[in-house]
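Written below as structure tokens is the structure these notes are about.
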Amino acid sequence: MDAGERSFPASRASNALLYKRLNRFTWLMDLYADNFRRLQEMIEFSSLKSGVYFSEGQDGLPLRLEVLERHNYTIELKLSYTLRDLQSGALDPSAMIRIYLDSKQCEVSHCYVGKRWQDVLGLHPDPAQLVSHRLRMNGFLNKWLLYLKQQNHCKQSWFPEVEAAAFT
């Protein structure tokens, strides 16, 4: 055997590993695009201004949307129920979301107050570990958005916090 034949299996193995990594990354990018589509069906991005909005679905749980920042190509928001965690007092469940309007993608940066990826994975995580963490968070958002759609949260169901105060 010459050297070229001996290195072929190792090359094939490294290609398989690269394909697996790219496949997971592709899956993550697909989740970002699907989350954008699901969120766009539920929220009118063009009319969002900084502030707090509420929607009540069939499950009777008020959904809270807080628009934190609005820029030309991105929107940062927090999506949560009005339920509070008994230990921390934080809204739970909650997801910090960044919407990229130009690329039509939406990602979750973290799913609980104080639990950024650095808090969970450390400052220097392995790239595969980081992708796996992002897959879990964005998979959670994807399923949650599907559930919210089934509960009839939609573009017409949102009202600003000022109107919500009138109900309390």
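The values are calculated or read from the model by the stated rules, or taken from the named source; none is laboratory data. Just so it is clear, the structure is predicted and the values come from calculations on it, not from any experiment. All Cβ positions, even for glycine, are placed from backbone atoms using ideal geometry, and neighbour counts span all protein chains on display.
Descriptive notes on the structure:
- Test set (1) surrounded by 18 or more Cβ atoms within 10 Å (Cβ to Cβ); (2) at pLDDT 80 or above; (3) within 14 Å of the chain's Cα centre (by Cα); (4) within 19 Å of Phe140 (Cα to Cα) - Arg98 fails condition number: (1)
- Counting only strands (runs of 3 or more DSSP E) that fall entirely inside segment 33-110 and contain at least 1 residues that are of a type in the set (S, T, N, Q), the qualifying elements are 51-56, 74-81, 94-100, 105-110.
- Restricting segment 40-62 to residues that are in contact with a Phe, Trp or Tyr (Cβ under 8 Å, 6 or more places away or on another chain) and among the aliphatic types (A, V, I, L, M) leaves a set whose member that is nearest to Ser103 (Cα to Cα) is Ile43.
- Taking every residue in segment 49-68 that is on the phi > 0 side of the Ramachandran plot and pairing it with any residue that is surrounded by 14 or more Cβ atoms within 10 Å (Cβ to Cβ) and aliphatic (A, V, I, L, M), at least 6 positions away or on another chain, the pairs with Cβ-Cβ distances below 7 Å are Gly51/Val67.
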